[in-house]
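The values are calculated or read from the model by the stated rules, or taken from the named source; none is laboratory data. A quick note: this is a predicted structure, and the numbers were derived from the prediction, not measured. Here Cβ is always computed from backbone atoms with ideal geometry, including for glycine, and neighbour counts include all displayed protein chains. Heavy atoms of the whole protein, side chains included, go into the accessibility calculation; ligands, DNA and RNA do not. Shrake-Rupley method; radii C 1.70, N 1.55, O 1.52, S 1.80 Å.
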Amino acid sequence: MNIVIFGPPGAGKGTQSKFIANKFNLYQLSTGDLLRNEIKNKTQLGSEISSIINSGELVSDEIVSNLIEKFVSNDTYKNQIIFDGYPRTLIQAKNLDNLLKKHKQKIDMVLKLSVSLETVKKRILERQTQEKRADDNEEIAIKRYEMYEKNINPVIDFYKQTNLLKVVNGETAISEISNEIGGLIESIKG
Ligand code: ADP
């Protein structure tokens with residue numbers, strides 16, 4: 001089973017991805033985490049992307065697609081991936097489709113976590129005190145929310161055509177959201 005989860009910054013993608021990965025034995029592939037690791041490890045790529053990430057812009061489709069391919073092409077993760085924060089643009093959604101086809105895989109469910117800008121601001125300011133992410137301040141959080149809104153509609157339309165899209169309300173309690181997602185995944189597991 002391969003699952004995609006997306007939503008605005010602060011929607012709880014990471015939290016719910018961890019839950020899904022544990023419960024259904026999947027590998028959590030977070031493009032945000034992969035990119036932050038490059039910065040932390042001071043790689044060449046890390047130095048190229050740090051200012052982009054810290055300003056709330058999106059890294060190029062090519063860079064993230066290359067990162068993703070390493071996992072999709074690896075048999076260890078075959079049909080066991082939860083894509084957390086990818087795709088974010090129509091180009092990325094199409095790239096992912098092609099990549100999965102190339103490696104004889106497919107997406108089984110797409111989850112969209114919906115939360116309002118008000119909630120995003122509140123959660124990111126809370127998270128700022130715990131995680132110290134360079135892009136978790138109010139100004140950049142709003143920018144990230146805007147980047148999400150700007151790019152995501154074609155992605156949503158793309159997945160609506162496939163009947164794989166499930167919209168989950170991300171405003172309720174973490175455990176309530178996990179329960180809903182767990183039920184949705186159980187229903188396709190057979
Ligand atoms: P959030 O969704 O809460 O902003 P992420 O950890 O998912 O946090 O992403 C942090 C940043 O990493 C994004 O603002 C963007 O710069 C970069 N990023 C992550 N995933 C992608 C992606 N699929 N395409 C382009 N940029 C990405």
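Centroid-to-centroid, using Cα positions, segment 34-83 and segment 124-174 are 18 Å apart. Spacing of the modelled spin labels on S116 and N163, each 7 Å from Cα toward Cβ, amounts to 3.4 nm. Amide H contacts under 5 Å for Q28: I82, restricted to partners 5 or more places along the chain or on a different chain, H placed in the peptide plane at 1.01 Å from N.
Each residue of segment 113-129 is assigned a 3J(HN,Hα), and the resulting list reads 9, 9, 9, 7, 4, 4, 5, 4, 4, 4, 5, 5, 5, 5, 5, 4, 6 Hz, derived from the Karplus form 6.51 cos²θ - 1.76 cosθ + 1.60 (θ = phi - 60°), x at Gly and Pro. Around the amide H of K166, modelled in the peptide plane, lie the amide H atoms of V110, L111, K112, all under 5 Å away and 5 or more residues distant in sequence or on another chain. Identify which of K160, K78, K112 has the largest mean-square fluctuation in a Gaussian network model of the chain, with springs joining Cα atoms closer than 10 Å. Of K160, K78, K112, the most mobile in the Gaussian network model is K160. Each 10 Å bin from 0 upward holds the following percent of the Cα-Cα pairs of segment 105-190: 14, 37, 35, 13, 0. The relative contact order of segment 51-190, computed from alpha carbon pairs under 8 Å that lie at least 6 residues apart in sequence, is 31 percent. Other residues whose C-beta falls under 10 angstrom from the C-beta of L29 contribute a net charge of -1, scoring Lys and Arg +1 and Asp and Glu -1. Orientation-averaged projection of segment 1-65 equals 5.0 nm² [convex hull of Cα atoms, one quarter of hull surface area]. Considering only K121, K143, K70, the Gaussian network model of the chain with Cα springs below 10 Å gives its largest mean-square fluctuation to K70.
Working note: Karplus 6.51/-1.76/1.60 with θ = phi - 60° gives segment 138-153 the couplings 4, 4, 6, 5, 5, 4, 5, 4, 5, 4, 4, 4, 5, 9, 7, 4 Hz, where Gly and Pro are set to x. Once the Cα-Cα distance is subtracted from the 0.36 nm per residue extended length, the K189 to I52 segment shows a gain of 45.5 nm.
Per-residue 3J(HN,Hα) values for segment 32-45, derived from phi via the Karplus relation 6.51 cos²θ - 1.76 cosθ + 1.60 with θ = phi - 60°, read x, 5, 4, 5, 5, 5, 4, 5, 4, 7, 6, 7, 4, 4 Hz in sequence order (x marks Gly and Pro). Measuring nothing but protein heavy atoms, the accessible surface of the chain at 1.4 Å probe radius is 49 percent carbon and sulfur. For the chain, the solvent-accessible area with a 1.4 angstrom probe is 52 square angstrom per residue.
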